[in-house]
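A.B. asks: Can you keep this structure in mind? I'll have questions shortly.
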Amino acid sequence: MSDSRVAVLSILVEQVEAVERVNAMLHEYAPYVIGRMGLPYREKGISVICVVMDAPQPAISALSGKIGRISGVSAKVAYAKTAAEH
C-alpha cells in the first residue's frame, strides 16, 4: 500500500447504546486495522477505543467521520509523518 498512511483513531463512546454501531463501522474497515484496544472506564461511564490503521487517507477520514456522527461518540485521528515530512 504505497499510498497508505499509518494513523491512530481515538474514539470516546459516552452512550453505551452506540457501541454496536461503532463496532459495526470498525468491522467494515477491518482490512485496514492493524490493531485496536478498548478500555471501559466504568467510573466515568465511557469507553475509550484506540484503533491503529494503515490505509489510504480518504478511508481513514471516512471512518473517523462516520464514527464521529454517531450520537454519543467522539472521534479524532492522529497521522504518522510521511517519509517526505521527516
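A.B. asks: Residue by residue through the stretch 25-44, note down the ones that are aliphatic (A, V, I, L, M) and surrounded by 11 or more Cβ atoms within 10 Å (Cβ to Cβ). Spell out how you get there, then give the answer.
C.D. replies: Restricting attention to the stretch 25-44, the residues satisfying the condition of being aliphatic (A, V, I, L, M) are 25-26, 30, 33-34, 37, 39.
Within the stretch 25-44, Met25, Leu26, Val33, Ile34 meet the criteria.
A.B. asks: Which of (1) closer than 22 Å to Gln15 by Cβ; (2) touching a residue at least 24 places away in the same chain (Cβ under 8 Å); (3) open to solvent by less than 50 Å² (accessible area, probe 1.4 Å); (4) in a helix (DSSP H, G or I) does Lys66 not meet, given it meets every other one?
C.D. replies: (3)
A.B. asks: Ok, one more. Which residues, counting only those in the stretch 69-86, are under 17 Å from Met37 (Cα atoms) and surrounded by 14 or more Cβ atoms within 10 Å (Cβ to Cβ)? Steps first, answer last, please.
C.D. replies: Here is the first cut: in the stretch 69-86, the residues under 17 Å from Met37 (Cα atoms) are 73-78.
Residues satisfying the conditions are Val73, Ala75, Val77.
A.B. asks: Which of the residues spanning the stretch 1-24 are surrounded by 14 or more Cβ atoms within 10 Å (Cβ to Cβ) and of a type in the set (Val, Ile, Thr)?
C.D. replies: Val6, Val8, Ile11, Val13, Val19, Val22
A.B. asks: Output the qualifying pairs, or none if there are none: Cβ atoms under 7 angstrom, residues six or more apart or on different chains, first residue in the stretch 19-34 and outside any helix (DSSP H, G or I), second residue of a type in the set (Gly, Ala, Ser).
C.D. replies: Tyr29/Ala59
A.B. asks: Something else: Which condition breaks for Val51 when tested against (1) in contact (Cβ under 8 Å) with a residue 40 or more places away in the chain; (2) open to solvent by 40 Å² or more (accessible area, probe 1.4 Å); (3) not in a helix (DSSP H, G or I)?
C.D. replies: It fails just one condition, (2).
The values are calculated or read from the model by the stated rules, or taken from the named source; none is laboratory data. Computed from a predicted structure; not experimentally measured. Positions of Cβ are generated from backbone atoms using ideal geometry, with glycine treated the same way; all protein chains shown enter the neighbour counts. Areas reflect the complete protein model, heavy atoms only, side chains present, ligands, DNA and RNA absent. Shrake-Rupley method; radii C 1.70, N 1.55, O 1.52, S 1.80 Å.
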